[in-house]
Amino acid sequence: MLAYVFWHWPKPDVDPTGYERDQRAFHQALASAAPAGFLQSRVFRVSGEASWLGGAPAYADWYLLETSAALDPLNIAAVSGVCEEPHRALTVGMAAGAGSLLTLRTGEPALESSRAVTLLTKPRDMRYDEFDRSIAPVPDISQAAIWRRALVLGPTPEFLAVSPAELAFPSSLQPHTLALSPI
């Protein structure tokens, strides 16, 4: 399973209430279009600092996909048919954005109950099996979906843990948590 995450923020003069309304309309249209390989989408308001977030409020749109073969149909569906006008309305108010492509490493992607995303940086000299062992004892880790950046695409650190609440990861992984509020 893959997640395409689009991090974005509105222009400074755009009313966040209207921007969020436009986001809901776009995601509803995309769900009705249901391109091949598309599983679901969810949009969150993001609270906290991250180097790639260039404005506030900031948002993260999560698009869950079966495989990378779903990227082309998603890209086409997002800007055509029933999605064309909602997408245009949303982009008019957008200042900028950045995308991330992630692969599900462990856990279940329960976006409907997710309220935190923790950015994790694996030290370069740490092996992946050592990384796995370092997060295994984290309390409530079973409630998290661990995602790994794919092909070094996107601005995020290598790993993201998405969970219902903030988790206490080892300091060696430089954890940095952003709060997620569903839109």
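In the range 8-29, is there at least one residue being part of a strand (DSSP E or B), under 19 Å from Arg149 (Cβ atoms) and at pLDDT 95 or above? Walk me through it before giving the result.
Taking the range 8-29 as the starting set, the residues that turn out to be part of a strand (DSSP E or B) are 8-10.
Narrowing further to those that are under 19 Å from Arg149 (Cβ atoms): 8.
Checking which are at pLDDT 95 or above leaves us with 8.
Looking for residues that are part of a strand (DSSP E or B), under 19 Å from Arg149 (Cβ atoms) and at pLDDT 95 or above, one finds at least one in the range 8-29, hence yes.
Taking the range 17-30 on its own, how many of its residues are in contact with a strand residue (DSSP E or B) (Cβ under 7 Å, 6 or more places away or on another chain) and over 10 Å from Ala77 (Cα atoms)?
Going through the range 17-30, the residues in contact with a strand residue (DSSP E or B) (Cβ under 7 Å, 6 or more places away or on another chain) turn out to be 19, 23, 27, 30.
So of that shortlist, the ones also over 10 Å from Ala77 (Cα atoms) come out as 19, 23, 27.
Here the count works out to 3.
With at pLDDT below 95, farther than 30 Å from Pro12 by Cβ and not in a helix (DSSP H, G or I) as the only criterion, which of Leu151, Leu104 stands out?
On the way: Leu104 fails: at pLDDT below 95.
So the residue among Leu151, Leu104 that is at pLDDT below 95, farther than 30 Å from Pro12 by Cβ and not in a helix (DSSP H, G or I) is Leu151.
Is it the case, given these coordinates, that Ala161 is closer than 30 Å to Pro12 by Cα, out of contact with any helix residue (DSSP H, G or I) (no Cβ under 7 Å at 6 or more places or on another chain) and at pLDDT below 95?
Here the answer is no, as Ala161 does not meet what is asked.
Could you go through the range 123-143 and let me know if any residue there is within 26 Å of Glu112 (Cβ to Cβ), in contact with a helix residue (DSSP H, G or I) (Cβ under 9 Å, 6 or more places away or on another chain) and assigned to a loop (DSSP other than H, G, I, E, B).
There is no residue in the range 123-143 that is within 26 Å of Glu112 (Cβ to Cβ), in contact with a helix residue (DSSP H, G or I) (Cβ under 9 Å, 6 or more places away or on another chain) and assigned to a loop (DSSP other than H, G, I, E, B).
Filter the range 123-142 down to the residues that are surrounded by 18 or more Cβ atoms within 10 Å (Cβ to Cβ) and free of Cβ contacts under 8 Å to residues at least 40 places away in the same chain and list them by number.
Initially, the range 123-142 is screened for residues surrounded by 18 or more Cβ atoms within 10 Å (Cβ to Cβ), giving 131, 135, 138.
Matches in the range 123-142: Ile135, Val138.
Please find, among Ala110, Ala136, Ala168, Ala144, the residue that is under 24 Å from Gln23 (Cβ atoms) and hydrophobic (A, V, I, L, M, F, W, C). Spell out the reasoning first.
Working: Ala136 fails: under 24 Å from Gln23 (Cβ atoms); Ala168 fails: under 24 Å from Gln23 (Cβ atoms); Ala144 fails: under 24 Å from Gln23 (Cβ atoms).
From the options Ala110, Ala136, Ala168, Ala144, the qualifying one is Ala110.
So which of Ser68, Ser51, Ser41 ends up being out of contact with any Cys (no Cβ under 6 Å at 6 or more places or on another chain), under 19 Å from Ser100 (Cα atoms) and modelled with pLDDT under 95?
Working: Ser68 fails: modelled with pLDDT under 95; Ser41 fails: modelled with pLDDT under 95.
Criteria check complete, one pass: Ser51.
Taking the range 143-178, which residues are hydroxyl-bearing (Ser, Thr, Tyr) and either without any contact (Cβ under 8 Å) to a residue 40 or more places away in the chain or within 16 Å of Pro123 (Cβ to Cβ) (or both)? Spell out the reasoning first.
We begin by selecting, within the range 143-178, every residue hydroxyl-bearing (Ser, Thr, Tyr); these are 156, 163, 171-172, 177.
Within the range 143-178, Ser171, Ser172 meet the criteria.
If you check Leu167, Leu120, which single one turns out to be crowded, with 16+ Cβ neighbours inside 10 Å, out of contact with any helix residue (DSSP H, G or I) (no Cβ under 6 Å at 6 or more places or on another chain) and hydrophobic (A, V, I, L, M, F, W, C)? So that I can check it myself, show each step before the final result.
On the way: Leu120 fails: out of contact with any helix residue (DSSP H, G or I) (no Cβ under 6 Å at 6 or more places or on another chain).
Going through Leu167, Leu120 in turn, the sole match is Leu167.
The values are calculated or read from the model by the stated rules, or taken from the named source; none is laboratory data. Predicted model, so just to flag it, every value in this text is computed and none were measured. A quick note on method: Cβ atoms are made from the backbone with ideal geometry, for glycine too, and the neighbour counts reach across all protein chains shown.
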